[in-house]
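Read the structure below first, then the notes.
The values are calculated or read from the model by the stated rules, or taken from the named source; none is laboratory data. As the structure is a prediction and not an experimental result, all values here were calculated from the model. Heads up, the Cβs are rebuilt from the backbone with ideal geometry, glycines too, and the neighbour counts pull from every protein chain shown. Just so you know, the surface numbers come from the protein's heavy atoms only, side chains and all, with ligands and any DNA or RNA stripped out. Shrake-Rupley method; radii C 1.70, N 1.55, O 1.52, S 1.80 Å.
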Amino acid sequence: MSYQYDTVIYNVRIASMQDSEVPYGELLSHAIALKDGKIAALIPSDDSLGEIVKQAKSVIDATTLIPQNEGGTLKHPWLLPGFIDCHTHLVYGGNRAEEFEMRLQGASYVDIAQRGGGIKGTVEKTRCADERTLLNTAIKRAKRLCEEGVTTIEVKSGYGLDLDTEVRMLRVAKSLEQHLPVSIKTTYLGAHALPNEFAEDADGYIDFVCEKALPYIASQNLADAVDVFCETIGFSTSQTERVFSCAQEHGLPLKAHVEQLSDSKGAVLAAKYGALSVDHIEYLADSDIPHLAQSGTVAVLLPGAFYYLSEVQKPPIDALRAHNVPMALATDFNPGSSPLASILTAMNMGCVLFQLTPEEALRGATAHAASALGLHDRGVIEAGKLADLTLWDIETPAELAYCINGHRPAAVFKEGKQVQGR
Ligand code: NIG
Ligand code: FE
């Protein structure tokens with residue numbers, strides 16, 4: 001017998017995260033039908049459910065997925081889109097625990113970078129790490145995110161800087177899909193730091209990025225986007241612009257680390273090039289925000305790095321809100337400025353440190369995170385989108401941002417298949 005649906009999940013409250021008048025895009029539907037890895041239908045009332053259930057190969061009463069609730073007596077659990085961590089650097093060799101100790105004794109992130117530590121320290125360790133070691137450590141890190149209901153992760157290169165290691169990082173990142181129930185989007189971040197072999201020759205390194213590395217990476221389809229660290233300790237706006245225009249020639253969308261430590265005017269440049277996102281943006285000037293609004297660029301907030309570097313300058317949240325610039329939220333999982341393996345903690349930090357509402361935090365890790373990656377097939381619960389879903393034993397969606405290490409999903413579905421839960 002052929003079925004119209006693969007799975008119907010019922011007895012749920014749906015936080016669709018669609019842009020709507022109701023908080024969290026809550027839908028009155030209490031059931032959802034999945035087919036071929038996608039959301040096929042949202043079922044509005046009890047009346048039609050009996051019929052729909054007959055057309056499904058498998059039927060799941062969501063209340064039975066909640067521990068201690070075998071009788072199905074609790075209120076219906078909440079169904080949310082799978083989380084999207086749209087900014088990570090989780091493939092790297094070694095760690096930077098020693099630098100953490102140095103920082104606790106007064107050295108700043110910038111001091112350490114200028115002394116050859118920081119990103120360059122990780123570059124040395126990543127160049128020495130073989131593919132197997134890089135993969136095993138990356139699996140461990142990505143697994144932490146998946147355990148919290150993350151179903152899509154963006155991973156940047158940028159700790160190799162030479163072509164071999166950058167390619168190895170991007171391959172390792174993509175291969176995480178074979179080990180975990182997650183989609184990986186890769187970003188080439190060649191312009192992350194100046195490698196020693198180009199010391200005193202940043203322009204020469206940008207020549208290498210634009211003439212050799214980027215064309216090769218694009219030709220092998222190793223990256224979904226290109227990123228630049230535009231900063232006093234990174235690359236200038238004119239160097240950034242060269243990378244942007246080269247990426248565009250190769251048809252790759254742009255992202256940028258900007259205004260993290262200073263107002264270098266990277267965001268305006270990124271907006272001019274129609275970048276998908278500008279990330280960090282603590283030092284973004286209010287007067288530059290209309291440029292982002294106009295180009296439809298997403299502002300990616302990274303409260304983990306803000307917290308970890310004891311930053312005091314907050315991103316201009318009120319002005320971003322006033323201009324309706326979509327705000328995404330991510331872990332920035334990396335060994336130096338944000339060793340944060342938790343999207344839920346990033347949401348809590350977004351609320352406590354940046355005064356986001358829990359709804360903004362959740363939207364930031366779902367719908368707006370999808371936009372920051374240029375993905376239109378996920379991030380909200382809607383017919384036609386991927387069936388990347390998480391189920392939670394909570395009374396309100398706000399609880400996910402309110403608690404610190406308080407929740408794990410009762411179930412996770414990746415493209416229609418249940419990959420976590422009983
Ligand atoms: O997003 N800002 C530049 N890159 C990373 C930090 C990388 C590192 O310190 O290793 C970031 O904060
Ligand atoms: Fe980053």
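Within region 254-270, not a single residue is in contact with a His (Cβ under 7 Å, 6 or more places away or on another chain), surrounded by fewer than 18 Cβ atoms within 10 Å (Cβ to Cβ) and not in a strand (DSSP E or B). Tell me the residue from 301, 276, 320, 284 that is within 13 Å of ligand 2 (Cβ to nearest atom) and among the hydrophobic types (A, V, I, L, M, F, W, C), please. So the residue among 301, 276, 320, 284 that is within 13 Å of ligand 2 (Cβ to nearest atom) and among the hydrophobic types (A, V, I, L, M, F, W, C) is 301. Scanning region 204-230 for residues that are surrounded by 16 or more Cβ atoms within 10 Å (Cβ to Cβ) and either in a helix (DSSP H, G or I) or at positive phi (or both) yields 205, 206, 208, 209, 210, 213, 214, 217, 218. As a summary of the residue check, residue 366 satisfies the conditions (1) open to solvent by less than 10 Å² (accessible area, probe 1.4 Å); (2) over 16 Å from the mean Cα position of the chain (by Cα); (3) more than 16 Å from ligand 2 (Cβ to nearest atom) except for the one numbered (2).
Each row is one residue, and each column tells you yes or no for (1) at pLDDT 95 or above; (2) more than 14 Å from ligand 2 (Cβ to nearest atom); (3) over 19 Å from residue 155 (Cβ atoms); (4) in contact with a Lys or Arg (Cβ under 7 Å, 6 or more places away or on another chain).
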{"position": "214", "(1), (2), (3), (4)": "yes, yes, no, no"}
{"position": "219", "(1), (2), (3), (4)": "yes, yes, yes, no"}
{"position": "228", "(1), (2), (3), (4)": "yes, no, no, no"}
{"position": "242", "(1), (2), (3), (4)": "yes, yes, yes, no"}
{"position": "249", "(1), (2), (3), (4)": "yes, yes, yes, no"}
{"position": "253", "(1), (2), (3), (4)": "yes, yes, no, no"}
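Among the conditions (1) in contact with a helix residue (DSSP H, G or I) (Cβ under 6 Å, 6 or more places away or on another chain); (2) more than 13 Å from ligand 1 (Cβ to nearest atom), the only one that residue 93 does not satisfy is (2).
State yes or no: is residue 346 modelled with pLDDT of 95 or more, crowded, with 21+ Cβ neighbours inside 10 Å, farther than 15 Å from residue 185 by Cβ and within 16 Å of ligand 2 (Cβ to nearest atom)?
Here the answer is yes, as residue 346 does meet what is asked.
Among the criteria (1) among the aliphatic types (A, V, I, L, M); (2) touching a residue at least 60 places away in the same chain (Cβ under 8 Å); (3) open to solvent by 30 Å² or more (accessible area, probe 1.4 Å), the one residue 330 does not fulfil is (3). The set of residues in region 118-171 being of a type in the set (Val, Ile, Thr) and without any contact (Cβ under 8 Å) to a residue 60 or more places away in the chain consists of 126, 133, 137, 139, 165, 167.
Which members of region 188-212 meet the condition of being within 16 Å of ligand 2 (Cβ to nearest atom) and touching a helix residue (DSSP H, G or I) at 6+ places or on another chain (Cβ under 8 Å)? Let's see the steps before the verdict.
Here is the first cut: in region 188-212, the ones within 16 Å of ligand 2 (Cβ to nearest atom) are 188-193.
Those that are within 16 Å of ligand 2 (Cβ to nearest atom) and touching a helix residue (DSSP H, G or I) at 6+ places or on another chain (Cβ under 8 Å): 188, 190, 191, 192, 193.
Please tell me if residue 185 is assigned by TED's automatic domain parsing to the domain that holds residue 365 and within 16 Å of ligand 2 (Cβ to nearest atom).
Criteria met by residue 185.
Test residue 299 against the criterion of being within 16 Å of ligand 1 (Cβ to nearest atom) and buried (at least 24 other Cβ atoms within 10 Å of the Cβ), and give yes or no.
When the stated conditions are applied, residue 299 passes them.
Would it be correct to say that residue 233 is modelled with pLDDT under 95, of a type in the set (A, V, I, L, M, F, W, C) and within 13 Å of ligand 1 (Cβ to nearest atom)? Considered against the rule, which asks whether it is modelled with pLDDT under 95, of a type in the set (A, V, I, L, M, F, W, C) and within 13 Å of ligand 1 (Cβ to nearest atom), residue 233 comes out as yes.
Take residue 396 and decide whether it is β-branched (Val, Ile, Thr) and open to solvent by 20 Å² or more (accessible area, probe 1.4 Å). Yes, satisfied. With the condition kept exactly as written, say whether any residue in region 162-173 is in a loop (DSSP other than H, G, I, E, B) and within 16 Å of ligand 1 (Cβ to nearest atom). Looking through region 162-173, none of the residues is in a loop (DSSP other than H, G, I, E, B) and within 16 Å of ligand 1 (Cβ to nearest atom). Within region 85-126, the residues that satisfy the criterion of being of a type outside the set (Phe, Trp, Tyr) and within 21 Å of residue 226 (Cβ to Cβ) are 85, 86, 87, 88, 89, 90, 91, 119, 120, 122, 123, 126.
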